[in-house]
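The structure under discussion appears below in the form of structure tokens.
Any read-out appearing in this document is the output of simple, stated calculations on the displayed coordinates, not a laboratory observation. Remember, it's a predicted structure, so these values are computed and weren't measured experimentally. Quick reminder, even Gly has a Cβ in these numbers, built from the backbone with ideal geometry, and neighbours come from all protein chains shown.
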Amino acid sequence: MKVSVDEWLCAGHGLCEAAAPDVFEVNDEGIADVTDPNPAEALWPAVREGARLCPADAVLIDEDDA
Ligand code: SF4
């Protein structure tokens, strides 16, 4: 899994960070940074939940990138 955030879409709601704090962190500019772009498999459900919750559809997940 490869995770990224579209910084143009991200509005800093922080729901991704709430779902997966080991992978997302909203920075001082109100944009979510991906602190772990290749998260361990154990974190995948939380990352998917963060993407599902994002009101801006800004979380991008490439499921095929191992
Ligand atoms: S939930 Fe979406 S809009 Fe909010 S900080 Fe995360 S990526 Fe950005």
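Values as computed for the structure displayed
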{"quantity": "Cα-Cα pairs of the chain separated by more than 21 Å (percent)", "calculated": "10"}
{"quantity": "Sites residue 56 and residue 2, calculated FRET efficiency, Cβ-Cβ separation with R0 22 Å, nearest 0.05", "calculated": "0.70"}
{"quantity": "Tilt relative to the chain, helix 44-53 - C-alpha long axis, 0 to 90 degrees, to 10", "calculated": "30"}
{"quantity": "Length gained when the stretch residue 49-residue 64 is fully extended (0.36 nm per residue, less Cα-Cα span)", "calculated": "3.6 nm"}
{"quantity": "Loop-resident sites, segment 1-52, for GluC sites (Glu not before Pro), counting at most 11 other Cβ within 10 Å (DSSP)", "calculated": "29"}
{"quantity": "Derived scalar couplings ³J(HN,Hα) [segment 24-29; Karplus, 6.51 cos²θ - 1.76 cosθ + 1.60; whole Hz; x for Gly, Pro]", "calculated": "10, 8, 6, 8, 4, 8"}
{"quantity": "Cα centroid separation - segment 1-35 against segment 43-66, whole Å", "calculated": "10"}
